[in-house]
Amino acid sequence: MVVLNKAAGMVVHPAAGNWDGTVVNALAYYLPRSPHGAGELVNEDITAELEGLNANREGMDGEIVAFRPGIVHRLDKGTTGILIVAKTRPSLTALSASFANRQVRKTYLAITVGNPGKRVVINKPIGRHPIHRQRMRVVPDPTQKNSSGKSTEDKGNYKPGRRALSYVDTLAFDGKLSLVHVRIETGRTHQIRVHLQDRHTPVYGDELYGIAEWNNRLSKSYQISRPLLHAHQLEINHPVSGKKMVFIAPMAEDMTRIGDLVWPQGRTEQPAFFGSLEEGN
């Protein structure tokens, strides 16, 4: 398997609108030249297929086919941090099972607007937004009623969300922004971003779920135009040996700049957040 520290602005696999510059494209170039071997899933044989990808490739359901050899989990385009890719078919099967069976421990760091609180458990289902289809949302309980005594949801069109569980802990708060530690037990699309928005403490810089005024300030003052969310640590059993492995990636430079402002003592108290990439046991 390959473990990497994904950069901001990089899509994981080719799909409509993002055929080039993805993690899969990068691996297709790198792995055949790697001294550790190319593996079975990402190698020179797929180069021609990558080059031939276009928006006319459709699946049976009419949706664009995504080309994702070896991909067992994803990070959003703007999110940085730890990403694991399988190199062989047995590893793909084993790693996929680990993620599906929730045997992987994933922890993130985020800069939020406001203070989400200490040792917060957010257990709220997530589903696609009924109007804004590119967005997700916390799905309201259809039995809840508003101040007028009416249900907050149209029961006729109600679609239950999928279970989503996040553990949130504020590490530092400067009165406006927080550096937050988040562990997710489930891996729903945009889970952390949606849960923090629902708590009224959105991820700083998040154009989908954040606060436009704050996002504009981040862009103008620091030239940062992405959600400040980072996949910091991932614990998983090796797909062949079964040995427990812990991978840690420090925050990206842009997020570190804001983290220094929010938590001046952070480099001393939690050097792994600000330090260099390392692997431990």
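Observations, loosely collected:
- Flag if Glu213 is acidic (Asp, Glu) and open to solvent by less than 50 Å² (accessible area, probe 1.4 Å): no
- Per-region count, segment 166-180, residues closer than 24 Å to Asn101 by Cβ and open to solvent by 10 Å² or more (accessible area, probe 1.4 Å): 1
- Taking helices (runs of 4 or more DSSP H) as the structural unit, those lying wholly within segment 1-115 and holding at least 2 residues that are at pLDDT below 70 and either among the hydroxyl-bearing types (Ser, Thr, Tyr) or surrounded by 13 or more Cβ atoms within 10 Å (Cβ to Cβ) (or both) correspond to 47-52.
- For segment 116-137, a residue qualifies if it is over 14 Å from Thr170 (Cβ atoms) and either outside any loop (DSSP other than H, G, I, E, B) or modelled with pLDDT of 95 or more (or both), and the qualifying residues are Asn123, Lys124, Pro125, Ile126, Gly127, Arg128, Met136, Arg137.
- Scanning segment 229-281 for residues that are assigned to a strand (DSSP E or B), at pLDDT 95 or above and small (Gly, Ala, Ser) yields a single hit, Ala231.
- So Ala110, is it in contact with a His (Cβ under 8 Å, 6 or more places away or on another chain), of a type outside the set (S, T, N, Q) and more than 17 Å from Leu27 (Cβ to Cβ): yes
- Residues in segment 216-228 that are in a loop (DSSP other than H, G, I, E, B) and either among the charged types (D, E, K, R) or surrounded by 15 or more Cβ atoms within 10 Å (Cβ to Cβ) (or both): Ile224, Ser225, Arg226, Pro227, Leu228.
- Residues that are over 28 Å from Arg257 (Cα atoms) and touching a residue at least 24 places away in the same chain (Cβ under 8 Å), drawn from segment 94-120: Ala94, Leu95, Ser96, Ser98, Phe99, Arg102, Gln103, Val104
The values are calculated or read from the model by the stated rules, or taken from the named source; none is laboratory data. These numbers were taken from a predicted model, which means no experiment stands behind them. Glycine gets a Cβ as well: all are built from the backbone with ideal geometry, and neighbour counts include every protein chain shown. Heads up: the accessible areas ignore ligands, DNA and RNA and are worked out on the full protein's heavy atoms, side chains in. Shrake-Rupley method; radii C 1.70, N 1.55, O 1.52, S 1.80 Å.
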